[in-house]
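Undergrad: Below is the structure I would like to discuss, written out as structure tokens.
The values are calculated or read from the model by the stated rules, or taken from the named source; none is laboratory data. From a predicted model like this one, the values you see are computed outputs, not experimental measurements. Note that each Cβ is placed from the backbone with ideal geometry, even for glycine, and that neighbours are counted across all protein chains shown. For the accessible areas, the whole protein counts, side chains as well, though only heavy atoms, and no ligand, DNA or RNA atoms are used. Shrake-Rupley method; radii C 1.70, N 1.55, O 1.52, S 1.80 Å.
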Amino acid sequence: MTVDESNSHYPDHHRPQHIIIAGAGIIGTSTAYYLSKLHQEHLIQQRQHLLDDPTTKQQTQEEPRTTLQITIIDPSGTIAPAASGKAGGFLALHWNDFSPHALGPLARRGFELHSTLAQELGKENVMYRRLKCVSISVRESLLSTSAGDDGGAPRLSGKKLEGMVQQKDDGGWWWDDEEHAAVVGMKELGNQETIAQVHPKMLCCAMWDEITTRGHQDTIKAQLIKGKVVNTKPANQPRTTRKNTDKEQKHTWDVELADGRVLHADAILYACGPWTTFGNCMTGVKYHSVIIPTRPKVLTTAVFYDGLGDPEVYPRPDGTAYCCGFPDDPVRVTEEPGMEEVRQEKVEEIVNAVRRAASSSSSSSSSSSGSSGNANG
């Protein structure tokens, strides 16, 4: 939404002055970030209007300031405590172009936004970079033997490759020889033009730091509260504002927390993901992940293995590799954010699969690095 569009919907005396966001994940922090940017742009536009309007040129240059208050509430009291801070951060421009749910334009827009955010926040602060990606089939063919749902070209296997279609005549496969019989084939899935990565935890923290520590304290006040929202209801009395009339009163909300506290806000956003209790209609898929060191090497190719459990390996520019696989079945989420159970058998399953797949696909791979990895739930 542009500044002009926002002004057409929210005149000054109706613009929210205190916004509460339930959930400190990527949705909550990015919403706070863009709200703060929009607020700053609005103030700049207001200031320019005062300078350009002949009727206000004689007025003082110290125009009234409007302060936006943003409060994020999360049970953990930290930024990105759950999936938003523990995901792989893999970004693909075109992989959803053939999605049956028409996600292609949204995925492409998201790819562009991550690039823009890296420029605004600093690539090193969010560990953003472009890289290559390949799929390596070990012990079995990467191509499904069945055609796609539309009867056309077959689809690549693997959960995250479902939206891609392998063209029958592109000639992109490399088939291994008998000397490396464990590897069946390899396919390039993207390059620096279409593949990128970011560190999700660092991205969320960088956006929050931009709001709270880099100026604008006189126009934006942001706070992170440890707590859990259990109920919201309209406040008893509409709040009067400097410019409102009898017919234009600003309604507020009472936001009740589990510990009995009540906060007041002009607007509230629920960004709790599968922890949303209202409606109780969401499920989640739990992945385990392991961070494996690659130092002194800094690898530049992400690998999706087909076979041996389909492990995924995303090397990072800090000399580590994020490895995941073997997802659980969808369930209603009961674990609290930041308090997820890490099952050691899942960790060992990922490490062993990555070790076996990597040793099959590269004669120079070391199979001992996995034992020193850090596990995430």
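Undergrad: Can you tell me which residue is least open to solvent (accessible area, probe 1.4 Å) among those in segment 196-236 that are at pLDDT 90 or above and of a type in the set (Asp, Glu)?
TA: Going through the qualifying residues, I end up with GLU210.
Undergrad: Now for a different question. I need the helices (runs of 4 or more DSSP H) fully contained in segment 1-89, keeping only those with at least 3 residues that are at pLDDT 75 or above and within 17 Å of the chain's Cα centre (by Cα).
TA: Hits in segment 1-89: 26-52, 83-86.
Undergrad: Which of the residues that make up segment 94-112 are open to solvent by 30 Å² or more (accessible area, probe 1.4 Å) and assigned to a loop (DSSP other than H, G, I, E, B)?
TA: Taking segment 94-112 as the starting set, the residues that turn out to be open to solvent by 30 Å² or more (accessible area, probe 1.4 Å) are 94, 96-98, 100-103, 105-106, 108-109, 112.
Once the filter is applied, which keeps residues that are open to solvent by 30 Å² or more (accessible area, probe 1.4 Å) and assigned to a loop (DSSP other than H, G, I, E, B), segment 94-112 yields HIS94, ASN96, ASP97, PHE98, PRO100, HIS101, ALA102, LEU103.
Undergrad: Would you confirm whether any residue within segment 183-195 is under 30 Å from THR78 (Cβ atoms), modelled with pLDDT of 50 or more and open to solvent by less than 60 Å² (accessible area, probe 1.4 Å)?
TA: Yes, there is a match, as at least one residue in segment 183-195 is under 30 Å from THR78 (Cβ atoms), modelled with pLDDT of 50 or more and open to solvent by less than 60 Å² (accessible area, probe 1.4 Å).
Undergrad: At least 3 residues that are under 19 Å from ALA87 (Cα atoms) in each: list the strands (runs of 3 or more DSSP E) lying fully within segment 258-333 that qualify.
TA: The strands (runs of 3 or more DSSP E) meeting that bar are 288-293, 301-306, 312-316, 320-325.
Undergrad: In the set SER146, SER115, which member is at pLDDT 50 or above, out of contact with any helix residue (DSSP H, G or I) (no Cβ under 8 Å at 6 or more places or on another chain) and open to solvent by less than 70 Å² (accessible area, probe 1.4 Å)?
TA: The match here is SER115.
Undergrad: Next question. Need the failing condition index for LYS160 against (1) under 15 Å from CYS133 (Cβ atoms); (2) at pLDDT below 65; (3) part of a loop (DSSP other than H, G, I, E, B), just the number.
TA: Checking LYS160 against (1) under 15 Å from CYS133 (Cβ atoms); (2) at pLDDT below 65; (3) part of a loop (DSSP other than H, G, I, E, B), the one that fails is (3).
Undergrad: Here's something else I'd like to know. Taking segment 275-334 as the region of interest, how many residues are among the β-branched types (Val, Ile, Thr), open to solvent by less than 60 Å² (accessible area, probe 1.4 Å) and within 18 Å of ALA92 (Cβ to Cβ)?
TA: The total comes to 3.
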